[in-house]
1. Could you please let me know if VAL111 is β-branched (Val, Ile, Thr), buried (at least 22 other Cβ atoms within 10 Å of the Cβ) and more than 15 Å from ligand 2 (Cβ to nearest atom)?
2. Identify the single condition in (1) within 14 Å of the chain's Cα centre (by Cα); (2) away from ligand 2 (no atom under 15 Å from the Cβ) that PHE128 does not satisfy, given that it satisfies every other one.
3. Counting only residues that are open to solvent by 10 Å² or more (accessible area, probe 1.4 Å) and more than 22 Å from ASP97 (Cβ to Cβ), which one in region 53-68 is nearest to ligand 2 (Cβ to nearest atom)?
4. Since ALA157 meets every condition but one in (1) of a type in the set (A, V, I, L, M, F, W, C); (2) under 15 Å from the mean Cα position of the chain (by Cα); (3) open to solvent by less than 10 Å² (accessible area, probe 1.4 Å), which condition does it not meet?
5. Hey, does region 232-250 have a residue that's hydroxyl-bearing (Ser, Thr, Tyr) and either open to solvent by less than 60 Å² (accessible area, probe 1.4 Å) or within 13 Å of GLU183 (Cα to Cα) (or both)?
6. Out of the helices (runs of 4 or more DSSP H) lying entirely within region 103-221, which hold 3 or more residues that are assigned by TED's automatic domain parsing to the domain that holds GLU245?
7. Applying the selection to region 70-100, what residues are of a type in the set (A, V, I, L, M, F, W, C), loosely packed, with under 15 Cβ neighbours inside 10 Å and closer than 19 Å to ALA19 by Cα?
8. Of everything in region 37-65, what is of a type in the set (Val, Ile, Thr) and without any contact (Cβ under 8 Å) to a residue 40 or more places away in the chain? Give them in sequence order.
Amino acid sequence: MPLDIVTIPCLSDNYAYLAHDPASGETALVDVPEAAPILAALAERGWRLSQVLLTHHHPDHVQGLTEVLAQHPAKVIGAKADAHRLPPLDVAVSEGDSVQIGDESGNVLDVSGHTVGHIAFDFPGVVFTADSLMALGCGRLFEGDPAMMWASLSKLAALPDDTIVCSGHEYTQANARFAETIEPENPALVARIAQIDADRQKGLPTVPSRLGVEKATNPFLRAHVPEIKAALGMTDASDADVFAEIRSRKDRF
Ligand code: ZN
Ligand code: FE
């Protein structure tokens, strides 16, 4: 049975997620920007947390943890590489390890780039990417370099197209304004932007998204596309160099 996913808006533009396995009744929380909306979402459904999965150490992803654990004493799982700067972990994981939510087993992926040590959790049909792959965007490169982020995004792009992508922020509309400067004539992008603008007008979240849609529209997953290379005057450049150019244009946008 697939996991039930609940998207929880937190702070001004963060998202936390609940992943509930109906068969076992286990519920995992992915990232903890702030406690109140998460505790409310759990109470509303009568769910108890069994584990907390942390994607990376930034405060806007971990700072509500102590308050959540006070009411839900769950097992905390995060990257071994970042154990020194994450809250205390019960289980430290690396790429290749698996994480269980009831009977559902997820793979830990190293998706370094935004930070070195950022991980993603890849469950059947759903991947939690936080600040690596985002809706129509990707995280800023605070610690890693473009080649590292391109490798991380390529790993995520290899998952099945119908995978649901649960990312960490509502940055999609700003990402859309940038994406249309890279590929103004991509019909899939034009259609997606119309949907994003309509959803935001109504105050609806633009996440989760579908990986197949990201692959067709997200400029940061499209550095290998010949038309994009040509448009940037980088026909013979490597995919990672084209990604670097797109990322640096976004940083200056
Ligand atoms: Zn971050
Ligand atoms: Fe963040």
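The values are calculated or read from the model by the stated rules, or taken from the named source; none is laboratory data. Note that the coordinates shown come from a computational prediction; the quantities given were computed from them, not determined experimentally. Ideal geometry is used to build each Cβ from the backbone, glycine not excepted, and the neighbour counts take in all protein chains shown. Heads up: the accessible areas ignore ligands, DNA and RNA and are worked out on the full protein's heavy atoms, side chains in. Shrake-Rupley method; radii C 1.70, N 1.55, O 1.52, S 1.80 Å.
1. On the way: β-branched (Val, Ile, Thr): yes; buried (at least 22 other Cβ atoms within 10 Å of the Cβ): yes; more than 15 Å from ligand 2 (Cβ to nearest atom): no.
The answer is no for VAL111.
2. All conditions are met except number (2).
3. Residue satisfying both the conditions and the ranking: ASP60.
4. Failed condition: (3).
5. yes
6. Ranges flagged: 172-182, 187-201, 211-217.
7. Of all residues in region 70-100, those of a type in the set (A, V, I, L, M, F, W, C) come to 70, 74, 76-77, 79, 81, 83, 86, 89, 91-93, 99.
So of that shortlist, the ones also loosely packed, with under 15 Cβ neighbours inside 10 Å come out as 70, 91.
Within region 70-100, just VAL91 meets the criteria.
8. Selection gives ILE38, VAL52, VAL62.
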